[in-house]
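Notes for the one structure printed next.
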Amino acid sequence: GNKTIQTTHKADELYPQVHLALSLIRAEILEKEHFQAERSRRTFTIAISYASGFLLGSPIFQKLDALAPDCKLTIRTIDPHDEIPKLLRDQTIDLAVSHRDFEDPMLVSELCLNFEMVAVVRNQHPRIRDNVTRTILETEEYVAVHDFAYRTHDRELRELMDHAQSRARVEVPNALMLPVILEETDLVALIPRVHADMMAKRYDLGIYSLPIPPVVSHASLIWHRAYEKDPSLSWFRE
């Protein structure tokens, strides 16, 4: 015979929550299939290592604001750095900017930033005035960024970076803390020139080339291959 299915009180309580969740999923799927930047309210999340959001945050937001005025931008750091592949896979983050090369075959990357390492100290440093020599770098003490696993195939630069790490008196969570410490101490930092130039505009710091042939390194924009064809992420990468 005909039977009528009646909802329980518990099901009635759960229905609004389930309906809302399904509506959000449906809306997200539709937006990804038919992404329109000027109408989207999507939040894009990008992980930028070494506090390079200091450099890239404003330009990224300005372009996003011009093309997608209702979208939001979240910039976050990742510690430890090895979490990046998992966070990209889970879509906890949409993109990452990193100086590190990952061996995960599901990650895609492209060059987005070139940089050269330099030495930075306060302008009134008692021993570093005109230039830096190997002897100076071997005897000075340093402030270093935690988990900045800088990788280079250049032996001389690798030795300098390893030496600086071994003589670090202070370790900080990101590069944003460096200029304050450098300006008020006699410590030395080896950092990318693009960061040093911006810091020197706001703090009383001197920038010195390293006593080795220039080595140009890079940071890459990284995303997960599983979401490579997502229209909204394709748009954001461009």
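Derivation of every value follows stated rules applied to the coordinates shown; laboratory data play no part. These numbers come from a predicted model, not from an experiment. Ideal geometry is used to build each Cβ from the backbone, glycine not excepted, and the neighbour counts take in all protein chains shown.
Observations, loosely collected:
- Shape call, the stretch 45-92: gyration tensor on alpha carbons, a/c limit 1.5: oblate
- Per-residue extension of 0.36 nm, minus the Cα-Cα distance of N123 and R158, leaves a gain of 10.0 nm for this segment.
- Shown here for the stretch 102-139: trypsin sites (Lys or Arg not before Pro) in loop regions (DSSP other than H, G, I, E, B) with at most 15 other Cβ atoms within 10 Å, namely R127, R129.
- FRET efficiency, 1/(1 + (r/R0)^6) with R0 25 Å, evaluated for T43 and V170 via beta carbons: 0.10
- Pairs beyond 25 Å (Cα-Cα), from K63/K201; K63/K229; K63/K86: K63/K86
- Per-pair calculated FRET efficiency, R0 = 22 Å: E141 and V215 via Cβ, rounded to 0.05: 0.40
- Extension gain, I207 to R134: 0.36 nm times the residue separation minus the Cα-Cα distance gives 24.7 nm.
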